[in-house]
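Data first, discussion second: the structure below is written as C-alpha cells.
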Amino acid sequence: MASEPAATIIHVAADGNDAWTGRFERPNTEVGDGPAATMGRAVELAAALPADSPRVEIVIQPGEYSLERAAVISGQDRSLPPLVIRAAVPGKVRISGGRRLTAWQPVTDPEVLARLPEEARDRVRQTSLKDLGVTDYGSPGGGGLELFFDDRPMTLARWPNEGFSHIADILGEEPVKIHGISGDKIGKFVFEGDRPLRWIGEKDPWVHGYWFWDWSDQRHPVASIDPQNRILAVQPPYHTYGYRKGQWFYGFNLLSELDRPGEWYLDRESGILYFWPPAESAADPDAALESGRPAISVAQTLFRVTSAQDVTLSGLILEHARGTMIEIQDSHRVTVEDCLLRNGGGWGVQVRGGEGCAVRRSRIHRLGEGGVSLNGGDRPSLLPSQHEVTDCEIYEYGRVHPMYRAGVSIGGVGQRVLHNHIHHAPHQAVGFSGNDHLIAYNEIDHVCLESNDAGAIYSGRDWTMRGTRIVNNYLHDIQGFQNRGCMGVYLDDMFCGTIIADNIFVRVTRAAFIGGGRDNLVENNLFIDCKPAVHVDARAMSWASYHVDTTMTEGLRAMPYQGDLWAGRYPELPAILEQEPAAPRGNIIRRNLCLGGTWESVETKARPYITVEENLIVAGAGEGNLLDANGDLQWNPVSPVFAKLPGFRVPPFEEIGPRGEPGQSDAEPATEEKAARPSDPTRWESEIRKFEEQDRLQAPPHDAVLFVGSSSIRLWDTAQSFPDWLTVNRGFGGSQIHEVTHFVDRIVLPYRPRLIVFYAGDNDIAAGAEPETVLKRFRAFVEKVRAADLRSPIIFIGIKPSVARWKLIDKIRAANQKIREWAEGEPQQGVHFLEVEKSMLDEQGFPRGNLLREDGLHLNQRGYAIWNDLLRQKVAEISAAGK
C-alpha cells in the first residue's frame, strides 16, 4: 500500500523573516533562509503552491504574532491544496489582532484631573494611541476598540459599576401601548437620583438599556441632560418598542465614572486612553502595567476563509479582534479544532453556506457577541449542510451585545450541536431556526442571566421549521434575570414539530415551553425541582392571533410545504390551513418523570388539543436521592425512582458534555468539568507511568521531602528552591485531590518521605466541587497515607487566590477554613495548614497579578519565592515543636 505523500511544510517563527521561504524551522545563516515571520506571509506562500500539492502545513513556533489584517484563504480564483495551520506546540501560539500599549504616564492635564473621580486621580495612567499610529477607534456602541489586560477585557468606564439604574418616569410625548403595557416612543425619560448630572459636559456619553422589554436592548448616545428636571434624552433612532417606567439602563463611555480598578476611557478627539489597572494598581499602577501586558483590539477579523475546502486551524490562541475572529464563507470541510478563542468584540466563528465545517474541542469565551454561528443547507430542498459544533466549552459571551447572540446559533438545514458545555451568559445558549437539526449531549447552565422572557434553547414563530431533535441534554440552574424565571427549551410563538426527549432538567423554570405551537413531542424527560416542568398555551387563539394570517402564513407559503418531499418529511404540515391553524394541535406530553417543583402550566384553551399520558409526578425533589445535601445532582442510573415509571429510559448522564478537555493552553486551564461528576483519575495514567520509569532508571532517595499534587506542584522547581533538602516532585496535570489519592500507592508510599507537601483543590472547586467535598477528598488522601503506616507530617498549602479564579474565592476560602479547622481539631493526624492567601493579595484585597503567570492562575518565580519562604517557616515551626 502506497504511503501518503509528505506534506509541504511552511514554518513561521517570531525570529523569522517574510523575505524567507519558510522551508526551515529556524533561521539558517548558511543559506540565508528560514521561517516566515507573519501569518499573512505564510498564507501567501501556501497559496502560491501548485493546486495538486498533496497537503500544505503552516507550522507556527511558540510565540505571539500580530495580525492587524485578516489572513485570507480563498479558493475563488484558483484551487488550493489541503491546508493545515497549526501550532508547533498546541496552546503556545497566540495570534492577536491587537496592539500592545506602552509609554504610560500619570495624568497631568488639569481638566482631565478635574473630571476624574478624586479616588482615581493618582491611580489612572494615560497613553497616546495616535503615537502608536492607531487612529481608527470605532464606536463605543459596539464593534470598536476595546482594552484587554491580563488576558481579560476591561470595563469601559460606567455607572453603576454593576447592575443598572432605572427609569423613574416617562414623559409621554408619543404614548404607545403593547399588550396593554404603556410606554413612550420618544427616548426621553426621568432618571433616578443625581448621579447622571455628573455626565454633563462629557464628550461622548452613552447609555445601554432594556428600554421596554427585558429581551430587547439598545445602546444610545446621550443627546442631552436637563439638570433641573432630571431628564435624559437619547439620540435617535429610538428603540423599536419605546421606553417605559421601571426599565433599567446604565451609562458608559464616561471619564467622570472612571472610579475603580479595571475601568478605562478613550478620548476619541485626542486619542488618549486613560486606564486604572487592576490588581497591583493600588500599590504601584506602573508595575501592574508592566506585568499585565495591556493591549487594544485593532483587526476586524483574524481569518477569512472563502470558497475553500479542506482547511484546518489547530492548537491556536486567537484574541483581540473587533469583530468575528474566524469567518468561513461558502467553504467545505473547514475545521477549527483544539483552539482557544477569547477576548474579541464579535463572534468567535461564523460559518455561512458550504458543507461539513466544524468547530471541535475548543474553548470560546469573553466575546462581545456570540460563540459560534452555523448557517447552511437549502430549506426548499431540505438539503443539509452538516456543519457542527462538538466538544467545546463556550461561556461569558454577549459582553457588548447581550441579546440574541447565542453560545451556538444554527440555521438552515441539518446542523449538529453535540457534547458542549455552554454556561454563564446573559441570554441564549443555543438559538436555532430552520429544519432537521440535532442538539444533543450538551450541558447548559447559568444562561439567560440578564433576561426573563428568554430560553436557554430557543426558536420561534414558524410553522415550517420542523424536524429538530433536542435530546440527551442536561440543563440546570437556569432561572432568569434576578431569578425571576425564564425558559429551558423555549418554542416561542407557535413553533412546531420539535422533539424534546431524554433530557435532564434541574432547577429550570418553565423547563419545556410550548408557546402555542403544534406537533411537538415532550417525552421521557427527567424534571427535578422545575417550576413548572411543562408549559403549553394557546396564544394564537387569543393575543397572538394576528400572526396567523400574516407572519405564519407568509412563512408557510415561502416553502414547498405541500410537495412530495415536504409532505413525506412533515405529514402534519400540508393540511395545516384547513385544521384550525391557530390551535396547539398534536402536542404530546408523554412518559416524563417530575420530581418536586410543579408539574405543568397548561392554558385551559390548549387542553383539548394536547395529549398528556403516562407521566409520573412525585412531590419531593429528593425522591430517589438524585440530589445531594447542597441540592446538586448526584447521578445514580439505578435509582429506584426510575423503576416507578414503566418504560422510562434512564438518560445517559455520563455521556453528556465535552468528551475530554476543550482546547486550552497553559495560559488558561479549563474552568470546570461536568458538575457533580468526579473526573476519572486514569486520564493521568501516562504521567504516572513516566514517574515510575524515572524511578526505575534512578531510584529516588527515601526520607526526602515529597511534593505532591496538581500543576502548582508540577511547575515548582523544588530542587532549585530547596537545594539543602532532598526533594521529590510528583505534581501532575491539573489534577484534583481524589486523583492524587488514587495514585498514592504509586507516587507517595514508595518513597517513605519524611515530610509531605501537598497542594491541590482549586481544580476541584473550578470543576464544581463544594468546600465540604474538598475536605472529604483531602481527608481520604490522609487516611490512605496513614493506613499504610506512614506517619510523616503533611503540610497542606492553602488553596491560593488568583485572578483567573477570583470569582471562586468564597468557595476557596470556605474550603481552606474547613481543612484548617479539621487539621487543628485532630492534631493526631499530623496535618499542618499553610496559609498563603494574605501574602498573595494587594492592599485592596485583590490577587497580586505580578505573582502569577500570564494565565492569571499559576505562580511565576516571584510567587514561588513567597511560597518558598512561607514553607521554610512552616517546616521550622514543625521542627521546633518536635513534630
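The values are calculated or read from the model by the stated rules, or taken from the named source; none is laboratory data. Since the structure is predicted, the reported quantities are computational estimates derived from the model, not experimental observations. Cβ coordinates were reconstructed from backbone atoms using ideal geometry, including for glycine residues, and neighbour counts include every protein chain displayed. Note: accessible area is taken over every heavy atom of the protein model, side chains too, but ligands, DNA and RNA are not part of it. Shrake-Rupley method; radii C 1.70, N 1.55, O 1.52, S 1.80 Å.
Of the residues in the stretch 809-828, at least one is surrounded by fewer than 20 Cβ atoms within 10 Å (Cβ to Cβ) and part of a loop (DSSP other than H, G, I, E, B). Counted as qualifying within the stretch 198-299 are the strands (runs of 3 or more DSSP E) with 1 or more residues that are aliphatic (A, V, I, L, M), namely 206-210, 218-226, 231-234, 263-267, 272-275, 295-297. Considering Gly138, Gly91, Gly144, Gly97, which residue is surrounded by 17 or more Cβ atoms within 10 Å (Cβ to Cβ) and at pLDDT below 95? The unique qualifying residue is Gly91. Only residues that are aliphatic (A, V, I, L, M) and not in a strand (DSSP E or B): list them for the stretch 175-197, please. Matches in the stretch 175-197: Ile186, Leu197.
Residues in the stretch 834-858 that are hydrophobic (A, V, I, L, M, F, W, C) and surrounded by 18 or more Cβ atoms within 10 Å (Cβ to Cβ): Leu834, Val836, Met840, Phe846, Leu851, Leu852, Leu857.
The criterion of being free of Cβ contacts under 8 Å to residues at least 40 places away in the same chain, touching a Leu at 6+ places or on another chain (Cβ under 9 Å) and open to solvent by 10 Å² or more (accessible area, probe 1.4 Å) does not hold for Gln579.
Out of the stretch 448-500, which residues are in a strand (DSSP E or B) and surrounded by fewer than 22 Cβ atoms within 10 Å (Cβ to Cβ)?
Step one: list which residues in the stretch 448-500 are in a strand (DSSP E or B), which gives 455-460, 469-471, 474-478, 487-492, 499-500.
Gly460, Arg469, Val471, Asp477, Asp492, Ile499, listed by residue number.
Among the residues of the stretch 628-663, those identified as closer than 13 Å to Ile504 by Cα and of a type in the set (A, V, I, L, M) are Leu633, Val650, Ile656. The residue that is surrounded by the fewest Cβ atoms within 10 Å (Cβ to Cβ), among those in the stretch 501-525 that are touching a Cys at 6+ places or on another chain (Cβ under 8 Å) and not basic (Lys, Arg), is Asp519. Checking each residue in the stretch 515-553 for being of a type in the set (Val, Ile, Thr) and in contact (Cβ under 8 Å) with a residue 60 or more places away in the chain picks out Val522, Ile528, Val534, Val536, Thr551. Taken together, Arg405, Arg466, Arg484, Arg399 contain a single residue that is of a type outside the set (Phe, Trp, Tyr), out of contact with any strand residue (DSSP E or B) (no Cβ under 9 Å at 6 or more places or on another chain) and either modelled with pLDDT of 95 or more or more than 30 Å from Gln309 (Cα to Cα) (or both), which is Arg484. Only one of the numbered conditions (1) more than 30 Å from Pro771 (Cβ to Cβ); (2) open to solvent by less than 20 Å² (accessible area, probe 1.4 Å); (3) not in a helix (DSSP H, G or I) is violated by Ser639, and that is (1). Report whether or not Phe249 is open to solvent by less than 20 Å² (accessible area, probe 1.4 Å), touching a residue at least 40 places away in the same chain (Cβ under 8 Å) and among the aromatic types (Phe, Trp, Tyr). In short, yes. Scanning the stretch 63-77 for residues that are under 20 Å from Ala88 (Cα atoms) and open to solvent by 60 Å² or more (accessible area, probe 1.4 Å) gives Glu64, Ser66. Could you tell me whether any residue of the stretch 778-795 is within 30 Å of His702 (Cβ to Cβ), open to solvent by 60 Å² or more (accessible area, probe 1.4 Å), touching a helix residue (DSSP H, G or I) at 6+ places or on another chain (Cβ under 8 Å) and not hydrophobic (A, V, I, L, M, F, W, C)? Scanning the stretch 778-795 turns up at least one residue that is within 30 Å of His702 (Cβ to Cβ), open to solvent by 60 Å² or more (accessible area, probe 1.4 Å), touching a helix residue (DSSP H, G or I) at 6+ places or on another chain (Cβ under 8 Å) and not hydrophobic (A, V, I, L, M, F, W, C). Within the stretch 829-850, being part of a loop (DSSP other than H, G, I, E, B) and either at pLDDT below 95 or not hydrophobic (A, V, I, L, M, F, W, C) (or both) holds for Gly830, Glu835, Glu837, Asp842, Glu843, Gln844, Gly845, Phe846, Arg848.
Quick check on the stretch 378-387. Is at least one of its residues under 22 Å from Ala425 (Cα atoms) and open to solvent by 20 Å² or more (accessible area, probe 1.4 Å)?
No: the stretch 378-387 contains no residue that is under 22 Å from Ala425 (Cα atoms) and open to solvent by 20 Å² or more (accessible area, probe 1.4 Å).
The listed residues are Gly271, Gly292, Gly315, and the only one of them that is open to solvent by less than 10 Å² (accessible area, probe 1.4 Å), touching an Asp or Glu at 6+ places or on another chain (Cβ under 6 Å) and at positive phi turns out to be Gly315. The residue that is farthest from Asp391 (Cα to Cα), counting only those in the stretch 434-447 that are more than 18 Å from the chain's Cα centre (by Cα) and open to solvent by 10 Å² or more (accessible area, probe 1.4 Å), is Asp436. In summary, Arg123 fulfils each of the numbered conditions (1) open to solvent by less than 70 Å² (accessible area, probe 1.4 Å); (2) on the phi < 0 side of the Ramachandran plot; (3) out of contact with any strand residue (DSSP E or B) (no Cβ under 6 Å at 6 or more places or on another chain) with the single exception of condition (1).
Filtered by the rule that a residue be open to solvent by 50 Å² or more (accessible area, probe 1.4 Å) and touching a Leu at 6+ places or on another chain (Cβ under 9 Å), the stretch 530-574 gives Gln562, Leu565, Arg569. Reported count of residues in the stretch 20-40, each being in contact (Cβ under 8 Å) with a residue 24 or more places away in the chain and surrounded by fewer than 16 Cβ atoms within 10 Å (Cβ to Cβ), is 1. Out of Val72, Val43, Val56, which single residue is touching a residue at least 24 places away in the same chain (Cβ under 8 Å), farther than 28 Å from Tyr137 by Cα and within 36 Å of the chain's Cα centre (by Cα)? On inspection, the qualifying residue turns out to be Val56.
Check the stretch 864-871 and report whether any residue there is over 30 Å from Pro294 (Cβ atoms) and assigned to a loop (DSSP other than H, G, I, E, B). Taking every residue of the stretch 864-871 in turn, none turns out to be over 30 Å from Pro294 (Cβ atoms) and assigned to a loop (DSSP other than H, G, I, E, B). Counting the residues of the stretch 851-863 that are in contact with a Lys or Arg (Cβ under 6 Å, 6 or more places away or on another chain) and not in a loop (DSSP other than H, G, I, E, B) gives 1.
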